[in-house]
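Bear in mind that the values in this text are calculations on the coordinates, not laboratory data. These numbers were taken from a predicted model, which means no experiment stands behind them. Backbone-built Cβ (ideal geometry, glycine too); neighbour counts: all protein chains shown.
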Amino acid sequence: MKVKNEAGRMVETRIAGVTFKPFSGARKYGFESKLTTLEKALKACHLKNGMTVSFHHQLRNGDFVVNQTLAVIKELGVKDIRLAQTALFTVHQPVIDYIKEGIVSRIEGSLNDAVGDYVSKHPLKSPVILRSHGGRWGAVKTGELPIDVAIIAASASDEHGNCTGLVGDSAFGPISYSQIDAMKAQHVIIVTDKI
């Protein structure tokens with residue numbers, strides 16, 4: 001059967017026994033996933049005990065997303081989270097309190113400064129797995145490090161989750177470390193100040 005696609009062309013919907021969906025137009029997603037708080041977003045992901053939450057570190061010591069997310073996770077009463085970050089820095093010192101409280105029980109990624117020092121002296125329930133950036137990428141890609149919820153900081157995003165770190169008032173550069181997380185995670189949350 002022939003139908004007119006969004007480009008105005010008559011196209012077949014079935015060829016050699018295979019059904020095709022006609023082009024419906026560029027950037028027409030048919031859904032919107034904008035939530036206005038981190039709490040609503042985490043609830044929409046059905047976050048529960050033992051899940052893996054990932055972060056990237058392009059914001060380095062300007063990154064408050066990890067700390068804010070863990071504060072919300074604590075408020076939700078969720079525990080035994082595995083952090084799968086690309087790196088933790090001095091700004092992430094509050095992670096130590098979340099470890100002590102049982103909110104974070106596993107860590108896989110690079111550790112620096114206070115958190116690295118703390119976990120080297122105070123073992124977690126599960127061994128901390130240090131991963132280089134490339135090693136972490138590979139582990140996520142192969143499923144060795146499955147991600148339940150990826151939290152991606154971005155300087156701009158649209159309401160469908162397309163995001164960047166290159167434009168917007170808070171531009172900070174490419175967010176390529178988070179690409180594999182966005183591709184492989186069960187749920188993706190974009191944290192931004194510009195839609």
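Electrostatic bookkeeping for N67 treats Lys and Arg as +1 and Asp and Glu as -1; over the other residues with beta carbon under 11 Å from its beta carbon, the sum is -1.
Taking each residue as 0.36 nm, the span from K34 to Q179 lengthens on full extension beyond its C-alpha to C-alpha distance by 50.2 nm. In sequence order, region 88-104 has phi-based couplings of 10, 10, 3, 4, 8, 3, x, 4, 4, 5, 5, 5, 4, 7, x, 5, 10 Hz under the Karplus curve 6.51 cos²θ - 1.76 cosθ + 1.60, θ = phi - 60°, and Gly or Pro positions carry x. Reducing region 128-186 and region 64-87 to their Cα centroids gives an inter-centroid distance of 16 Å. G50 sits among other residues whose Cβ lies under 13 Å from its own Cβ, and their net charge, with Lys and Arg +1 and Asp and Glu -1, is +3. For L111, the residues whose modelled amide H falls within less than 5 Å of its own, excluding neighbours fewer than 5 places apart on the same chain, are L88. Applying a DSSP loop filter and a limit of 14 other Cβ atoms within 10 Å to the GluC sites (Glu not before Pro) in region 65-120 leaves E101. With 31 Å as the limit on Cα-Cα distance, the pairs of K74/K141; K48/K141; K34/K125; K121/K194 that go past it are K34/K125; K121/K194. The share of Cα pairs per 10 Å bin across the chain, counted from zero up to the longest distance, runs 9, 32, 31, 14, 9, 5, 1 percent. In terms of packing, defined here as the mean over residues of other Cβ atoms within 10 angstrom, the peptides 2-11, 58-67 line up highest first as 58-67, 2-11.
Only aspartates and glutamates eight or more places from K21 in sequence, or on another chain, were considered; those with a Cα closer than 15 Å are E6, E12. So what is the calculated 222 nm ellipticity per residue for the chain, using -39500 (n - 2.57) for each DSSP H run with n of 4 or more, over all residues, to the nearest 500 deg cm²/dmol? Calculated from helices alone, the mean residue ellipticity at 222 nm is -7000 deg cm²/dmol.
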